[in-house]
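These notes concern the structure reproduced below.
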Amino acid sequence: MSPHHRRALTLSIGLAALLYLGLVLFADREAVFAALQRVSWPVLVAIFTLSLMNYLLRFWRWERYVAAFGHVLPWRRHFLYYLAGFTLTVTPGKAGEAVRSLYLHQYGVPYAQSLAALFVERLLDVLAMSLLALLILLARPDYAWLVALAWGLTLGLGGLVTRPWLPEKLRGWGQDHRYGHQCGQLARLLDSAAVLLRPGYLLFGLSLGVLSWGLEGLSLYWIAQEVGVVGVRLETGIGIYAMAVLVGALSFLPGGLGGTEAVMGVLLVAFGADGASAIAITLLCRIATLWFAVALGGVAVGILSVGGQRTDVF
C-alpha cells in the first residue's frame with residue numbers, strides 16, 4: 001500500500017477508535033460491556049456470516065456488470081480484486097474502492113467501464129437503502145420527514161447523473177477548457193454507466209442491493225434482540241440500519257464515520273434502547289458490517305501482493 005493510502009487508512013482507523021472510545025466513555029462503560037456480553041457466540045458467528053453473504057451477493061452483481069462490457073475474469077482472482085477494494089472503503093462515498101480499476105486494467109478493462117460499474121453499484125446501493133428505510137414508517141409514521149429527505153437527496157442526485165443529455169453537455173463544456181480532459185473522462189464514464197442502467201441490469205442490481213443490505217439490517221435486529229431491546233422488530237431493525245447507513249453515505253464522510261453511528265444510536269433509543277444498549281448495538285453492528293470488510297480487504301491485498309499482483313496503489 002502506498003504511503004498516501006496507508007496514512008488515509010490509519011487516520012480513518014484512528015478517528016474511528018477515538019469515536020468509539022468516546023461513545024463508550026460518554027455512556028456507562030460497564031453497562032456497555034455488559035450489553036455486549038449478552039450477545040451469544042452463535043449470534044456473533046451468524047452476523048459475520050451475513051456480512052460474508054452480503055459481500056458474495058454484491059460481488060455477483062459486480063461480476064455481471066464487468067461481464068456486460070464483454071470482460072470475463074477468473075472468478076477467484078476477480079473476487080480478491082473485489083475484496084481488495086474494501087481496504088479503502090473508509091473513504092468519502094467509498095470512492096477508494098475505485099482501486100479495483102487498477103487491478104482490472106491489467107485484464108484489459110478500460111477505466112471508464114470499471115469506474116462506471118462502481119458508480120452504478122453505489123447509486124443502486126443508495127436506492128436500495130432508500131427503499132429499506134421505508135420500513136421505519138411501519139412502526140413510526142412520524143419519521144416520514146426523515147425518509148422523505150433521504151429520498152429527495154437520493155432521487156435528485158440519481159436523476160441528475162442519469163440524464164441522457166449530460167455526457168454531451170460535459171463534452172461541450174470541456175471544449176477549449178482547462179478541465180476538458182476531466183469532462184471527457186466523466187462523459188465516457190456516464191456513457192458506460194448507461195449500459196448498466198438499462199431495465200434488465202437495473203432491476204437485477206437493485207434487487208441484489210435490497211437483498212444484500214437487508215441481510216446487514218437483519219444483523220442489527222439479531223444484535224438488538226440479544227441485547228434485550230424488544231422494541232426493535234425485524235422490519236424496524238432493517239429500517240434503522242438502512243437509514244443510518246444512508247445518512248452516512250450522503251454525508252460523504254469517510255465510511256460514514258460519525259454520521260452513521262449517530263443516526264443509528266438515536267433511532268435505537270427512539271425504539272426503546274437505553275443509551276448503553278444503543279452504543280453496544282451500534283459498535284458491534286459497525287464492526288461486523290464495516291470493519292470486517294476492511295479487514296477482509298487487507299487480507300485480499302496481502303494475498304495478491306504475495307502472488308505478484310501488486311499495483312501502484314497497494
How much net charge surrounds SER207 when only other residues with a Cβ under 15 Å from its Cβ are counted (Lys, Arg +1; Asp, Glu -1)?
+2
For region 295-300, Karplus couplings with θ = phi - 60° (6.51, -1.76, 1.60), whole Hz, Gly/Pro x
5, 4, x, x, 5, 4
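What does the charge add up to near ALA35, with Lys and Arg as +1, Asp and Glu as -1, over the other residues with Cβ less than 13 Å from its Cβ?
Numbers: positive: ARG29, ARG38; negative: ASP28, GLU30, GLU226, ASP274.
Cβ neighbours under 13 Å give a net charge of -2.
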Please rank PHE271, PHE69, PHE86, PHE33, fewest neighbouring Cβ atoms within 10 Å first, as an exposure proxy.
PHE33, PHE69, PHE271, PHE86
Could you give each residue of region 191-197 its phi-based ³J(HN,Hα) in whole Hz, using Karplus coefficients 6.51, -1.76, 1.60 with θ = phi - 60°, and x for Gly or Pro?
4, 5, 4, 4, 4, 7, 9
Using θ = phi - 60° and the Karplus relation 6.51 cos²θ - 1.76 cosθ + 1.60, list the HN-Hα couplings for region 69-85 in order, rounded to whole Hz, with x at every Gly or Pro.
8, x, 10, 10, 10, x, 5, 5, 5, 4, 5, 5, 4, 5, 5, 4, x
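A short reminder: the numbers here are calculations on the coordinates, not readings from a lab. Fair warning: this is a prediction, and the values are worked out from it, not measured in the lab. Note that we place each Cβ from the backbone using ideal geometry, even for glycine, and neighbour counts take in every protein chain shown.
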